[in-house]
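The values are calculated or read from the model by the stated rules, or taken from the named source; none is laboratory data. From a predicted model like this one, the values you see are computed outputs, not experimental measurements. FYI the Cβ positions are ideal-geometry reconstructions off the backbone, even for glycines, and counts take in every protein chain you see. In case anyone asks, the SASA skips ligands and DNA or RNA and just uses the protein heavy atoms, side chains included. Shrake-Rupley method; radii C 1.70, N 1.55, O 1.52, S 1.80 Å.
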Amino acid sequence: MADTILIIDFGSQVTQLIARRLRETGVYTEILPCTTAPDNIAAAAPKGIILSGGPNSVALADTPRAPQIVFDLGVPILGICYGQQTMCAQLGGRVEPGTSREFGRAELEIAENSALFDGVWSQHSRHTVWMSHGDHVAALPDGFRVVATSAGAPYAVVEDAARRYYGVQFHPEVVHTDGGADLLRQFALGICGCSGSWSMAAYRQRAITAIRQQVGTARVICGLSGGVDSSVAAVLIHEAIGDQLTCVFVDHGLLRAGEAEEVVRLFGDHYNIPLVHVDASDMFLDRLAGISDPEQKRKIIGASFIEVFDAEASKIADAKFLAQGTLYPDVIESISAAGGDAVTIKSHHNVGGLPDDMALELVEPLRELFKDEVRDLGRELGLPDTLVGRHPFPGPGLAIRIPGDITPEKLDILRAADAVYLDAIRKAGLYDEIWQAFAVLLPVKTVGVMGDARSYEYVCALRAVTSSDGMTADSYAFDHAFLSHVATRIVNAVKGVNRVVYDVTSKPPGTIEWE
């Protein structure tokens with residue numbers, strides 16, 4: 001097992017970014033809620049511990065604190081924002097409520113040299129960092145000293161070098177902090193002494209061994225959607241146990257153009273994985289007829305999917321395990337900072353929870369990975385780039401990209417418009433620059449003039465966002481010529497659309513999948 005850094009989570013919306021930055025340096029990182037039992041923290045045998053930010057006030061008596069085991073293990077500690085404040089308060093310092101709030105960019109001045117700054121920042125230099133705090137440290141515990149300040153935080157960076165305890169009031173994990181990723185790297189590699197040896201090739205072999213140990217000679221069923229996560233999980237499990245795996249592909253009729261055929265061709269023909277293909281599109285569309293509420297759509301799709309999947313799974317003799325493409329962000333979101341495993345993943349990830357009476361044990365070989373790490377694993381397994389690099393596509397599929405009621409006619413129009421849009425992006429060489437792009441068929445018709453005739457047809461909206469981590473996003477800055485080209489292609493090629501608009505909405509931190 002590679003060296004591990006533990007992150008004790010106090011509920012910050014960007015805690016996952018800390019883990020991502022460290023994993024990018026080859027350091028395995030795990031996030032645990034601040035209510036985790038001391039024995040579980042000790043069992044992880046961490047080389048270092050990071051205390052995350054959080055939305056609460058350390059100045060209040062009933063807000064979360066770091067478990068005492070964190071300070072008893074004798075390993076380096078880095079407190080970030082709330083983590084810095086609770087560390088100082090618990091070790092004998094004082095935190096005061098916000099009289100000098102800082103939100104957004106701030107200028108940090110390095111006052112003293114520190115092991116935390118080695119190879120990153122030099123003494124008396126200034127750097128832009130990202131602050132987000134109301135409270136602040138007002139008195140340091142014994143043994144601590146100030147090594148950097150900002151206008152609103154006189155204790156912006158503090159350290160107890162003897163115990164290797166460090167606290168930063170800003171957020172090094174966000175891209176707005178200059179050198180923030182390097183600071184985290186220095187903590188993990190320089191201070192904690194991690195080897196940085198965690199790799200996807202090593203993860204692949206460890207996962208295969210774990211799958212074989214868990215499954216033994218039993219059969220495994222995998223719900224295959226054709227997306228990146230379930231596809232990588234299926235190929236990894238198949239490599240581990242071969243024909244003990246059967247994939248069930250439920251076609252709900254809400255996929256993009258040609259995707260159902262691609263799933264069957266790739267997994268049934270190319271990989272020769274036992275595959276059950278169920279075309280249940282008529283049933284799904286019947287049940288969705290007249291339904292406009294997006295959450296109700298999700299629940300109908302989820303319940304129907306489980307019904308069809310369960311019926312097919314019951315036909316597979318000796319099946320004891322169910323494989324899922326659960327990712328680490330799903331796991332984290334299902335464990336609140338208040339503690340405890342949730343039963344289901346949030347609905348925008350998983351359109352239906354597992355049935356209460358399910359007798360199958362879960363196999364989740366990707367639950368330690370982030371989305372881009374899953375893509376790396378897919379490449380390690382030899383999956384084609386057309387699949388590994390595919391943009392995320394939520395479980396409800398086109399159902400949530402047709403606001404209002406769903407009809408076969410609307411699905412045909414949206415599939416055609418979406419296909420033209422993605423084809424134009426690929427031909428322009430932009431597909432891999434974009435995290436997610438898709439078309440939406442708006443529940444609005446407009447009057448237009450096409451040639452010598454009036455038309456009364458739908459408005460199609462286009463969305464494209466960029467993201468480095470899948471947790472925050474900004475709209476992609478297409479140039480006007482490209483958008484004009486795409487709009488013309490869609491209006492000319494897709495009967496039913498006479499107007500195209502581009503959505504420039506961005507997504508704030510705190511959610512994982514853009515829909």
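Relative to the longest principal axis of the C-alpha atoms of the chain, give the angle of the C-alpha long axis of helix 408-427, reported between 0 and 90° and rounded to the nearest 10°.
It is inclined by approximately 60 degrees.
Quick one: which of 427/495; 297/427; 297/445; 371/410; 371/445 span more than 26 angstrom between C-alpha atoms? List each step's numbers first, then the result.
Values: 427/495 22 Å; 297/427 34 Å; 297/445 22 Å; 371/410 31 Å; 371/445 37 Å.
Flagged as over cut-off: 297/427; 371/410; 371/445.
Rank 432, 405 by accessible area, highest first, at a 1.4 Å probe radius? Can you show the working numbers first?
Numbers: 432 135, 405 55 Å².
Sorted by accessible area, descending: 432, 405.
Taking the alpha-carbon centroid of each part, what is the distance from region 186-203 to region 238-275 in angstrom?
So the two Cα centres are separated by 36 Å.
List, in order, the whole-Hz ³J(HN,Hα) value for each residue of region 316-323 obtained from phi through the Karplus relation with A = 6.51, B = -1.76, C = 1.60 and θ = phi - 60°; use x for Gly and Pro.
8, 5, 6, 6, 10, 10, 10, 8
Give the dimensionless ratio obtained when the Cα radius of gyration of region 224-289 is divided by 2.2 N^0.38 Å.
Working: Rg = 12.6 Å, N = 66, 2.2 N^0.38 = 10.8 Å.
So the Cα radius of gyration is 1.17 times the expected 2.2 N^0.38 Å.
Largest first, what is the accessible-area ranking of 259, 107 with a 1.4 Å probe? Please report the intermediate quantities before stating the final value.
Numbers: 259 25, 107 105 Å².
Highest to lowest solvent-accessible surface, that is 107, 259.
In cubic angstrom, how much convex hull volume per residue do the alpha carbon atoms of region 115-186 span? Spell out each step's value before the answer.
Details: hull volume 6.5 nm³, N = 72.
Value for region 115-186: 90 Å³ per residue.
Strictly greater than 15 Å: what percent of every Cα pair in region 266-313 meets that? Mind dumping the intermediate values first?
Details: 616 of 1128 pairs.
Of the Cα pairs, 55 percent sit more than 15 Å apart.
How large is the accessible surface per residue of the chain, computed with a 1.4 Å probe and reported in Å² as a whole number? The partial results should precede the final answer.
On the way: 21190 Å² over 515 residues.
Result: 41 Å² of accessible area for each residue.
Please report, as a whole percent, how much of the solvent-accessible surface of the chain comes from carbon and sulfur atoms (probe radius 1.4 Å).
Carbon and sulfur: 49 percent of the exposed surface of the chain.
State the dimensionless ratio Rg/Rh of region 1-144 (Rg: radius of gyration of Cα atoms; Rh: Kirkwood radius). Could the numbers behind the result be given before it?
Details: Rg = 15.4 Å, Rh = 16.1 Å.
Expressed as Rg/Rh, it is 0.95.
Working from the pairwise distances between different alpha carbons, so that the mean of 1/r is found and then inverted, what is region 155-267's Kirkwood radius in Å?
Working: mean 1/r = 0.0544 Å⁻¹.
Radius from the Kirkwood sum: 18.4 Å.
Normalising by the residue count of the chain, find the relative contact order in percent from Cα pairs under 8 Å and 6+ residues apart. Before the final figure, lay out the partial values.
Numbers: 1049 pairs, mean separation 58.1, N = 515.
Relative contact order, the chain: 11 percent.
Would you kindly compute the Cα radius of gyration of region 409-453 and its largest Cα-Cα separation (Dmax), both in Å?
So, for region 409-453, Rg and Dmax equal 13.6, 40 Å respectively.
Have a look at region 88-231 and give its Rg and Dmax from the Cα atoms, expressed in angstrom.
21.3, 63
Using r as the Cβ-Cβ distance of residue 362 and residue 292, and R0 as 35 Å, what FRET efficiency do you calculate, to the nearest 0.05?
Working: r = 34 Å, r/R0 = 0.96.
According to the calculation, E is roughly 0.55.
Just want to confirm a number: the relative contact order over region 49-104, from Cα pairs under 8 angstrom separated by 6+ residues, in percent. Could the numbers behind the result be given before it?
Numbers: 58 pairs, mean separation 24.3, N = 56.
RCO, region 49-104: 43 percent.
Go through 150, 165, 223 and say which Cα lies farthest out towards the positive end of the charge dipole of the chain; charges sit on Cβ, +1 for Lys and Arg, -1 for Asp and Glu.
Farthest along the dipole direction, towards plus: 150.
In degrees from 0 to 90, rounded to the nearest 10, what is the angle of the helix 200-215 Cα long axis to the longest principal axis of the chain?
70
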